[in-house]
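Before any comments, here is the structure.
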Amino acid sequence: MKFREFETKINKLPVFKLNDIRKIDPDFHRQQLTYWQKAGYIKSLPGSYYMLSERQVNENFLFMFANRLYEPSYISLESALAYYQIIPETVFGVTSVSSRKTVRFHSEYGIFSYKNFQPKILFGYQIIEPKQALKYKIANLEKAILDFLYFHPEIKSIEDLETLRWNSDILRIELKKPQFSQYLQIFNRKSLNVRVEILMEYINA
């Protein structure tokens with residue numbers, strides 16, 4: 001199969017694996033992927049994934065791929081806080097949480113990192129589909145905040161939060177306190193409750 005024919009058939013998939021190609025061409029040889037990669041037609045990604053070199057890589061693409069690379073997972077922590085404009089800068093790479101072990105994957109688009117959660121805490125996300133085949137799961141604002149505080153026990157004062165430069169104006173307006181409280185109860189951790197109290201002081205300062 002020539003590349004242009006392949007490109008037409010695979011184009012609907014933002015990323016693909018060898019098995020996806022063999023659904024189109026059962027006799028496809030793996031070595032052809034190496035040729036196409038050397039020719040600059042395709043790029044390799046972590047997890048034995050590939051993408052067309054001309055594919056646009058933006059936040060939506062990276063979030064979709066992060067979900068697919070390591071399942072079950074959803075976007076959270078710094079990436080979600082940047083998405084909701086709580087922190088001032090974007091993160092090079094994508095941060096997620098998963099019920100599987102903590103792991104990191106390196107790529108030319110940054111690091112895809114995953115923090116381990118107990119399965120019962122893997123909740124509080126929404127599904128975004130900005131374009132067909134680019135669907136991804138991302139923590140709600142309330143859950144992204146709790147996820148971050150959960151993994152940062154070093155936050156012990158308002159000053160510690162101030163160093164993070166969180167946008168208190170957006171938090172004051174956008175944070176849904178009933179949902180936030182409900183999520184916090186599910187975590188059921190006294191240490192997290194203390195950090196949440198500090199956050200509330202920070203927001204209302």
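We did not get these values from a lab; they are worked out from the coordinates using the rules stated. Bear in mind the structure is a predicted one, so any value in this text is a computation, not a measurement. FYI the Cβ positions are ideal-geometry reconstructions off the backbone, even for glycines, and counts take in every protein chain you see.
Key figures
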{"quantity": "The stretch 140-196 versus the stretch 35-98: alpha-carbon centroid distance in Å", "calculated": "25"}
{"quantity": "Value of relative contact order over the stretch 3-52, rounded to a whole percent, pairs C-alpha under 8 Å and six or more apart", "calculated": "41"}
{"quantity": "Residues with amide H under 5 Å from that of GLY93, placed H, sequence gap 5 or more", "calculated": "ILE111"}
{"quantity": "Restricting the stretch 74-118 to GluC sites (Glu not before Pro) in coil, as DSSP defines it, with at most 16 other Cβ within 10 Å", "calculated": "GLU89, GLU108"}
{"quantity": "Rg(Cα)/(2.2 N^0.38 Å) for the stretch 108-147, N = residue count", "calculated": "1.37"}
{"quantity": "Hz values of 3J(HN,Hα) by residue in the stretch 133-146 - Karplus curve (6.51, -1.76, 1.60), Gly and Pro given as x", "calculated": "6, 10, 6, 8, 9, 9, 4, 4, 3, 4, 6, 4, 5, 5"}
{"quantity": "Mean residue ellipticity (222 nm) of the chain, computed from DSSP H runs ≥ 4 via -39,500 (n - 2.57), nearest 500", "calculated": "-12500 deg cm²/dmol"}
{"quantity": "Cα-based Rg of the chain normalised by 2.2 N^0.38 Å, two decimals", "calculated": "1.20"}
{"quantity": "For the stretch 3-52, the Rg and Dmax computed from alpha carbons only, in angstrom", "calculated": "9.8, 25"}
{"quantity": "Distant-in-sequence amide H partners of TYR74 (H built 1.01 Å from N, under 5 Å)", "calculated": "VAL97"}
{"quantity": "Convex hull volume per residue in cubic angstrom - Cα atoms of the stretch 1-123", "calculated": "121"}
{"quantity": "Label-point gap, in nm, between ARG22 and PHE123 - each point 7 angstrom along Cα→Cβ", "calculated": "4.0"}
{"quantity": "Order by protection proxy (mean Cβ within 10 Å, highest first), peptides 79-88, 11-20, 137-146", "calculated": "137-146, 79-88, 11-20"}
{"quantity": "For the chain, built as a Gaussian network whose Cα springs stay under 10 Å, the top-fluctuating residue of GLY40, GLY110, GLY93", "calculated": "GLY40"}
